[in-house]
1. Which of the residues belonging to segment 64-85 are buried (at least 20 other Cβ atoms within 10 Å of the Cβ) and among the aliphatic types (A, V, I, L, M)?
2. Take segment 206-227 and flag every residue that is assigned to a loop (DSSP other than H, G, I, E, B), crowded, with 21+ Cβ neighbours inside 10 Å and away from ligand 1 (no atom under 16 Å from the Cβ).
3. Go through the residues of segment 65-80 one by one and say whether even a single one is more than 16 Å from ligand 1 (Cβ to nearest atom) and modelled with pLDDT under 95.
4. Pick out, from segment 234-326, the helices (runs of 4 or more DSSP H) lying fully within it that include 2 or more residues that are modelled with pLDDT of 90 or more and more than 12 Å from ligand 1 (Cβ to nearest atom).
5. Check segment 156-164 and report whether any residue there is away from ligand 1 (no atom under 16 Å from the Cβ), surrounded by fewer than 15 Cβ atoms within 10 Å (Cβ to Cβ) and without any contact (Cβ under 8 Å) to a residue 24 or more places away in the chain.
6. Determine whether segment 196-205 contains at least one residue that is part of a loop (DSSP other than H, G, I, E, B) and either crowded, with 17+ Cβ neighbours inside 10 Å or hydrophobic (A, V, I, L, M, F, W, C) (or both).
7. Output yes when any residue across segment 171-180 is hydroxyl-bearing (Ser, Thr, Tyr) and touching a Phe, Trp or Tyr at 6+ places or on another chain (Cβ under 7 Å), and no when none is.
8. Given the criteria closer than 19 Å to TRP88 by Cβ and in contact (Cβ under 8 Å) with a residue 12 or more places away in the chain, does LEU190 qualify?
Amino acid sequence: RQALLDVDDLVVDYGVHEPVRAVDHVSLRVRRGEFVGIVGESGCGKSTLLYAVARLLSPPARIVSGQVDFAGHQMVQLTEDELRPIRWRDYSVVMQSAMNALNPVLSIGAQLRDAMAAHERVPAAQMRQRSEEVLRLVGIDPIHLTSYPHQLSGGMRQRAMIAMALVFRPDLIIMDEPTSALDVVAQRSLMRRVKALQEEFGFAVLFVTHDMSLVSHYSDRLAIMYAGQMVELGPTREVFAHARHPYSTGLLGAFPSLRGERRELTGIPGAPPDLRHPPRGCRFQPRCPKVMDVCREDPPPYQVGGTDLVRCHLYGPDASERQESR
Ligand code: SF4
Ligand code: MG
């Protein structure tokens, strides 16, 4: 079955003279109605990947190569004029901070109206009805159509953003840490609402977060990024039960010790590499508890296609040989 979104070998650089490769040959497919989480430490390229897919990157970031097929649209090639009719209608974006994304001098109702008016001619009464509808969907009393962003709580502002993203019932909603500004209780309630809406309307979600536990309950598949690369991708339950890449294991908070016990770690020792000078071989090798000689020389093999991926010499085509000869 054809994917709704097919990201193929996407490369994004920052800067021109000494470019930093923020997204390094990433491939990812999202099916209709699927919830895909992308997890990784800050600076791993996950937000950049989202903004590249949504065609919202601004200089000095630029797509260097690769393709993004979204419902038959070749996103990388589209001009701003060609993007306008499909943005919001076919896909929408919810940013990390609604405070930055919402217009502070317009009421919520006016912003919903503007979003609709930009796409179609809708009679005022119908616009109002639709605005009330989407606010109710996200659990905001329509009385707040006349409220300004600063009059709403952080959680309500994020929900207002989601209401705007839902106005046209798009096929795909792209979310960049939409709950990170909220406390844990507000985070959970927002996530539950997003999931319920997704189940009701069947849109696909591409969701970025640094919080593994947040996506664990809601995503169908999980992609783990490290230093601009996707290092593991698989069904969420599989990844949680049997994470393969040592970085994923570390993110999950437990490296199996030599005696087979699980040892709790608060994090992974060390820091991600400077992307201007990534390490030779595997990008994770300076921090990897399972590093082998080959890891310091050769970049691990990369498996595209299917629903699973792991970028690590422990699982490459020669892995069994390697493990036998050790
Ligand atoms: Fe660790 Fe080697 Fe796998 Fe990289 S390729 S994650 S260094 S075992
Ligand atoms: Mg980010």
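The values are calculated or read from the model by the stated rules, or taken from the named source; none is laboratory data. Keep in mind that this is a model prediction, so the values were computed, not measured. Counting neighbours? That spans all protein chains shown, and the Cβs are built from the backbone with ideal geometry, glycine included.
1. The first filter runs over segment 64-85 and keeps only residues buried (at least 20 other Cβ atoms within 10 Å of the Cβ), leaving 68, 70, 75.
Passing the criteria: VAL68, MET75.
2. So the first thing to find is which residues in segment 206-227 are assigned to a loop (DSSP other than H, G, I, E, B), and the list is 210-211, 217-220, 227.
Going one step further and asking which of them are crowded, with 21+ Cβ neighbours inside 10 Å, we end up with 219, 227.
Correct list: SER219 only.
3. To start, the set of residues in segment 65-80 that are more than 16 Å from ligand 1 (Cβ to nearest atom) comprises 65-80.
Next, only the ones that are modelled with pLDDT under 95 stay: 80.
Yes, there is a match, as at least one residue in segment 65-80 is more than 16 Å from ligand 1 (Cβ to nearest atom) and modelled with pLDDT under 95.
4. Values: elements: 236-241, 246-251, 319-325.
Fully inside segment 234-326 and qualifying: 236-241.
5. Just the residues of segment 156-164 that are away from ligand 1 (no atom under 16 Å from the Cβ), to begin with: 156-164.
If we keep only those that are surrounded by fewer than 15 Cβ atoms within 10 Å (Cβ to Cβ) too, we end up with none.
Checked segment 156-164: no residue is away from ligand 1 (no atom under 16 Å from the Cβ), surrounded by fewer than 15 Cβ atoms within 10 Å (Cβ to Cβ) and without any contact (Cβ under 8 Å) to a residue 24 or more places away in the chain.
6. Taking segment 196-205 and keeping what is part of a loop (DSSP other than H, G, I, E, B), we get 202-203.
Within this subset, residues satisfying the condition of being either crowded, with 17+ Cβ neighbours inside 10 Å or hydrophobic (A, V, I, L, M, F, W, C) (or both) are 203.
Among the residues of segment 196-205, at least one is part of a loop (DSSP other than H, G, I, E, B) and either crowded, with 17+ Cβ neighbours inside 10 Å or hydrophobic (A, V, I, L, M, F, W, C) (or both), which makes the answer yes.
7. Our first condition is that a residue be hydroxyl-bearing (Ser, Thr, Tyr); within segment 171-180, this holds for 179-180.
Of the ones still in play, those that are also touching a Phe, Trp or Tyr at 6+ places or on another chain (Cβ under 7 Å) are none.
There is no residue in segment 171-180 that is hydroxyl-bearing (Ser, Thr, Tyr) and touching a Phe, Trp or Tyr at 6+ places or on another chain (Cβ under 7 Å).
8. Values: closer than 19 Å to TRP88 by Cβ: no; in contact (Cβ under 8 Å) with a residue 12 or more places away in the chain: yes.
Against the criterion (closer than 19 Å to TRP88 by Cβ and in contact (Cβ under 8 Å) with a residue 12 or more places away in the chain), LEU190 does not qualify.
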